[in-house]
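Engineer: Pasting a structure here, questions to come.
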Amino acid sequence: MPWRVAERSSQHRVWCSDRRGQHGADPVWTMAQDRRARRYLESLRCYGAVRRRAEEVLRAESVTFGALRRAGPAYFAAAPPAAC
């Protein structure tokens, strides 16, 4: 039963030709892949620690800098110019 036919776009992405969602992906397939990936990731021993760290990073306050300078293998962020 051919309910999904793959086509290649000019950018070499595979699209499903039927049951397309807003952006061309099959929503049933997308949800199934999401569930599969989450089951795998949640089974890893380090999942809890990685998730907590990712949440911490995403909640962190944004930082701005004036310029990025390279010195050998390191990069240094310069403070932004002071407001007058």
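Engineer: Could you give me the residue pairs with C-beta distances under 8 Å whose first residue belongs to the stretch 56-84 and is surrounded by 10 or more Cβ atoms within 10 Å (Cβ to Cβ), whose second residue is modelled with pLDDT of 80 or more and polar (S, T, N, Q) wherever it lies, and which are 6+ apart or on separate chains?
Structural biologist: Correct list of pairs: Pro80/Thr64.
Engineer: Can you tell me which of (1) modelled with pLDDT of 65 or more; (2) exposed (fewer than 10 other Cβ atoms within 10 Å of the Cβ) is the one Ala6 doesn't meet?
Structural biologist: Status for Ala6: all satisfied but (1).
Engineer: Contact list please: Cβ distance under 9 Å, first residue in the stretch 36-49 and in a helix (DSSP H, G or I), second residue of a type in the set (Val, Ile, Thr), pairs at least six apart or on different chains.
Structural biologist: Leu41/Val50
The values are calculated or read from the model by the stated rules, or taken from the named source; none is laboratory data. Being a predicted model, the structure only gives us computed values, none of them experimental. Note that each Cβ is placed from the backbone with ideal geometry, even for glycine, and that neighbours are counted across all protein chains shown.
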